[in-house]
Amino acid sequence: MRYIDEYRDPELARTLLDEIRRKATRRWTIMEICGGQTHSILRNGLDQLLPGSIELVHGPGCPVCVTPLESIERALAIAAREEVIFTSFGDMLRVPGNAKDLFMVRSAGGDVRIVFSPLDALQIARDNPSKEVVFFAVGFETTAPANAMAVWQAAREGRENFSVLVSQVMVPPAMRAILSSPGNRVQGFLAAGHVCAVMGYEEYEPVAREFHVPIVPTGFEPVDLLAGILNTVELLEEGRAEVVNRYGRVVSREGNPVAREIMAKVFEVIDRPWRGIGLIPDSGLGLREAFARFDAEKKFHVTNICAQESPLCMSGSVLQGMLKPDGCPAFAKECTPEHPLGATMVSSEGACAAYYNYHTIVS
Amino acid sequence: MTIAPACPTPIMQHETVQMAHGAGGRLSQALMQRVFMPHLSNAFLDLLDDQAKLDLPLGRTAFTTDTYVVSPVFFPGGNIGELAVNGTVNDLAVGGARPLYLSAGFVLEEGLLLAELETIVKSMAEAARRAGVMIVTGDTKVVGKGQCDKIFINTSGIGVIREGVNLSCRNLKAGDSIILSGTVGDHGMAIMTSREGLSFHSRITSDCVALNGMIGSILDELPCAIHAMRDPTRGGVAATLNELASSSSVGIEINESTIPVKPDVRGACELLGIDPLHVANEGKLVVAVAADNAREALDLIRSFDPGRDAVIIGSVVDDHPGMVVMRTLYGSRRIIDLPLGEQLPRIC
Amino acid sequence: MCLAIPGKLIELTTENGLKMGIIDVNGSKTRACLEYVPDIKAGQYTIVHAGFALKIIDEEEAAESLKLWQELIESGAFQPEEDSPFPEIV
Ligand code: SF4
């Protein structure tokens, strides 16, 4: 596959690993923000191949994992309604609320459908004018333009039977929250390549300066990841707190201005709670007043639904890199992918699930 | 002016399945005569008895059943009818049996186009002919609109196990080679990409095929060297390997670089974030064979069309009993776990 | 987060007033919205996320960085160490 296979080349990976090994003279703790990168690292066992001095900690960059429990509960309440067709990316269906997930709503008669694109949800609204079609608009900055376009287009068409349940979050505020926390161990970051495809990396420059950490946007294939780690190690060794782009084929400094424009027209920055972490100021996106009629929370009056996390779950510490998943007492005991207590066990890229599925074999 | 007598004759020529088609009356008979018999007719079925009376050859009998529900009912490379015949034939064959007779039970949704039903029945007849089995008894029920998805089919099958063959998923021994008969994920991705709402324009073709011919030859040539066979359907190769490893209490090691995946299947899997090892196949075989005979078995499998892409993907080991471990392209190792329920397309 | 896969634009269309296209990913074809890559032409590669093309792949940049790596390997700048942790693939 063009633009994939080149970046899965074992020889190149080996060369980069050797170079990392040579460059690293001390212990370094690097966080990959993005759950997709966590997935790729564990799936390919890159963590087993890195020198012991490099510790990777897995960040909160998985929208499934950080979508707060109350959003899930609101989704469940809306999806159960008679007049609603509830649409969602496949990822969200297994995320447990307090007692249920969307699959259970579906088996109880709710019309819950998986879509690949938010525009497909809008199409369902066109095809079912007598139904209320709700799309669960989760995601980071990568997904925000897609979600924004669905709303934008619905407004243009005057599609009143379409609405979105928004749980959009953003990376830089989460990075700041992690770096400001007293228990922080992270010394350098791999930034999420596809978030940067949209946002560019300009906004990471002040973070790098303020907290004195190197930040390296990179891709998802093993060679991209290893090149990103190598670069981060080099910057750390040289004491340079800079942003260096390792994903030039997709990321530029300014990102995608067209996408950002529509995003900014539809969404505004708001405070958002993150599952397991709590409220992070200015870390989310909500619909602007002009699009309030597409806000499913308002349409179905679910803003009053609140929820309580499982007291056993330590996903907050996991998401902030303070605890490895297998350090959680419930890991693989009370909490498994079949019976997840926290969202990090649900998404296949959630740190707990990734650990569970791909954990290193200690022989 | 004369008034015609009341009671107009009921309509007998329908375009779609009616509730009455399943009620056992005239319409049921009409359905039999018009749709089923022209294609499935054989000496047993033609008697229209409530049961087929069979003389089985001597030996141990294998008996299996499976119910087929698939959406969409027609998919690139086949339809539910073919699937229902080939699937049950394969379930018999992987146990070392020569498949002989099948039953077919249909649950039809009111409103199903009779033309579609006929296409399905016709492919069942063709599939049965190709596999050398006979459909000897059957049943049809009709349920109301919305109570099933067009058509569900159950097939049961009877076969006779070859003398001297003892295949079981408990038979794996350390040192055995694991052969995979071809590319993974074709059927599951054919189904998934032809579903509505996923924006695909692909035509990934299902691998749905009967394997009894190929399996028969392998067992004729190497009756003792083959320790176990499985067709990796739901849950894919990952589930099958896990079943084999845990049933035999052995470990299995496979190499990522050897797993064959068709380019378009790989593309679709990448897009949807799905591991091809977790995706269903309907015409593939996983074989555990004594290492000394692995080469011979491989060449034999490759000489058949459904096995032309066969490879040795790994071996059975003493380590980590019950566990399947894959050596990645980079030399690291990871556990291949059982997939968790339904495969969902993901965005993250 | 955010699975985004590179594919080649093979056909441009319009749907409900939106710029759309068919993207070929290794022989599998999927539909994607092209509104965010207004300058894209058939034959170019883009990354697709949630049914949207997000960025045209900079082919020159890609070729250049790969070439650089290749040169480094060939020039022997990276000498694999004796105790390389990289086990042979059997
Ligand atoms: S293992 Fe389960 S309970 Fe523990 S932190 Fe992870 S999700 Fe929460």
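The values are calculated or read from the model by the stated rules, or taken from the named source; none is laboratory data. Everything numeric in this text was worked out from a predicted model, so none of it was measured. For neighbour counting, all protein chains shown are included, and Cβ atoms are generated from backbone atoms with ideal geometry for every residue, glycine included. In case anyone asks, the SASA skips ligands and DNA or RNA and just uses the protein heavy atoms, side chains included. Shrake-Rupley method; radii C 1.70, N 1.55, O 1.52, S 1.80 Å.
Figures for the structure shown
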{"read-out": "Cα gyration tensor shape for the stretch A:214-328, rounded if a/c is under 1.5, else prolate or oblate", "value": "oblate"}
{"read-out": "Other protein chain Cβ atoms within 10 Å, averaged over every residue that makes up A:88-97", "value": "4"}
{"read-out": "Packing-based order for A:44-56, A:174-186, using average beta carbon neighbours within 10 Å, highest first", "value": "A:44-56, A:174-186"}
{"read-out": "Summed buried accessible area for B+A [probe radius 1.4 Å, Å², rounded to 100]", "value": "3000 Å²"}
{"read-out": "Net +/- balance of residues flanking A:Val57 in space, Cβ distance below 12 Å, scoring K and R +1, D and E -1", "value": "-1"}
{"read-out": "Where labels lie 7 Å past Cα in the beta-carbon direction, separation of B:Asp220 and A:Glu334 in nm", "value": "6.1 nm"}
{"read-out": "Calculated FRET value between C:Glu61 and A:Arg156, using beta carbons and R₀ = 30 Å, to 0.05", "value": "0.30"}
{"read-out": "Kirkwood Rh in Å, taken over chain A so that all alpha-carbon pairs contribute", "value": "21.0 Å"}
{"read-out": "Per residue, in Å², the accessible surface of the stretch C:5-75 once ligands and nucleic acids are set aside, probe 1.4 Å", "value": "43 Å²"}
{"read-out": "Average beta-carbon neighbours from other chains, 10 Å sphere, peptide C:30-39", "value": "6"}
{"read-out": "For B:Thr140, distant residues with modelled amide H under 5 Å away", "value": "B:Phe106"}
{"read-out": "Across chain A: Cys residues that no other cysteine approaches within a C-beta distance under 4.7 Å", "value": "A:Cys34, A:Cys196, A:Cys306, A:Cys313, A:Cys328, A:Cys335, A:Cys352"}
{"read-out": "Mean accessible surface per residue for the stretch A:220-363, computed with a 1.4 Å probe while every protein chain stays in place, in Å²", "value": "42 Å²"}
{"read-out": "For the stretch B:337-348, 3J(HN,Hα) per residue [Karplus equation, 6.51 cos²θ - 1.76 cosθ + 1.60, θ = phi - 60°, Hz, x = Gly/Pro]", "value": "9, 5, x, 9, x, 4, 7, 10, x, 10, 10, 9"}
{"read-out": "Accessible area, probe 1.4 Å, largest first, for residues A:Trp152, C:Trp69", "value": "A:Trp152, C:Trp69"}
{"read-out": "At R0 = 56 Å, FRET efficiency that the Cβ-Cβ distance of A:Glu82 and B:Ala174 yields, to 0.05", "value": "0.45"}
{"read-out": "Normalised contact order of chain B, rounded percent, pairs of Cα under 8 Å and 6 or more residues apart", "value": "20 percent"}
{"read-out": "Label-reachable residues, the stretch B:130-150, where backbone N falls under 15 Å from a point 7 Å from B:Asp50's Cα toward its Cβ", "value": "B:138-140"}
{"read-out": "With all protein chains modelled, accessible area of A:Thr303 [1.4 Å, Å²]", "value": "80 Å²"}
{"read-out": "Flagged links, alpha-carbon separation over 28 Å, of B:Lys122/B:Lys145; B:Lys284/C:Lys8; A:Lys100/A:Lys131; A:Lys333/B:Lys173", "value": "B:Lys284/C:Lys8; A:Lys333/B:Lys173"}
{"read-out": "Reach of B:Lys141 by Cα under 16 Å, taken over lysines that are not fewer than 8 positions away in the same chain", "value": "B:Lys150"}
{"read-out": "For the stretch B:272-348 and the stretch B:145-205, distance of Cα centres in Å", "value": "14 Å"}
{"read-out": "Share antiparallel - DSSP beta bridges, the protein assembly as shown, percent rounded to 5", "value": "60 percent"}
{"read-out": "Residue range of chain B that is longest and free of trypsin sites (Lys or Arg not before Pro) which are both DSSP loop and sparsely packed (at most 16 other C-beta within 10 Å)", "value": "B:61-144"}
{"read-out": "Mean-position separation - Cα centroids, the stretch A:94-136 and the stretch A:184-256, in angstrom", "value": "36 Å"}
{"read-out": "Relative packing of A:82-90, A:61-69, which averages over residues the other C-beta atoms within 10 Å, highest first", "value": "A:61-69, A:82-90"}
{"read-out": "By average C-beta atoms within 10 angstrom, highest first, the peptides B:247-258, A:233-244", "value": "B:247-258, A:233-244"}
{"read-out": "Choice from A:Thr218, A:Thr143, A:Thr344 with maximal GNM fluctuation in chain A (Cα, 10 Å cutoff)", "value": "A:Thr143"}
{"read-out": "Cut-off 9 Å between beta-carbons: net charge of the residues surrounding B:Val142, Lys and Arg +1, Asp and Glu -1", "value": "-1"}
{"read-out": "Calculated FRET value between A:Arg293 and A:Arg106, using beta carbons and R₀ = 35 Å, to 0.05", "value": "0.85"}
{"read-out": "Phi to ³J(HN,Hα) by Karplus 6.51 cos²θ - 1.76 cosθ + 1.60 over the stretch A:251-264, Hz, x for Gly, Pro", "value": "10, 10, 4, 9, x, 10, x, 5, 5, 5, 5, 5, 3, 6"}
{"read-out": "Spatial separation of Cα centroids for the stretch B:34-112 and the stretch A:271-301, in angstrom", "value": "54 Å"}
{"read-out": "Shielding score for A:250-257, defined as the mean number of other chain Cβ atoms within 10 Å", "value": "3"}
{"read-out": "Cα radius of gyration and Dmax for the protein assembly as shown (Å)", "value": "28.4, 111"}
{"read-out": "Chains C and A, summed buried accessible surface - 1.4 Å probe, Å², nearest 100", "value": "4500 Å²"}
{"read-out": "Carbon/sulfur fraction of accessible area - the protein assembly as shown, other protein chains in place, 1.4 Å, %", "value": "51 percent"}
{"read-out": "Average Cα contact separation per residue, the stretch B:177-335, under 8 Å, 6 or more apart, as relative contact order %", "value": "43 percent"}
{"read-out": "For A:Ile270, distant residues with modelled amide H under 5 Å away", "value": "A:Ser283, A:Gly284, A:Leu285, A:Gly286"}
{"read-out": "Relative contact order of chain A, pairs being alpha-carbon contacts under 8 Å that are 6 or more residues apart, as %", "value": "23 percent"}
{"read-out": "Integer Hz, Karplus 6.51/-1.76/1.60 couplings in order for the stretch A:228-233, x for Gly and Pro", "value": "x, 5, 4, 4, 4, 4"}
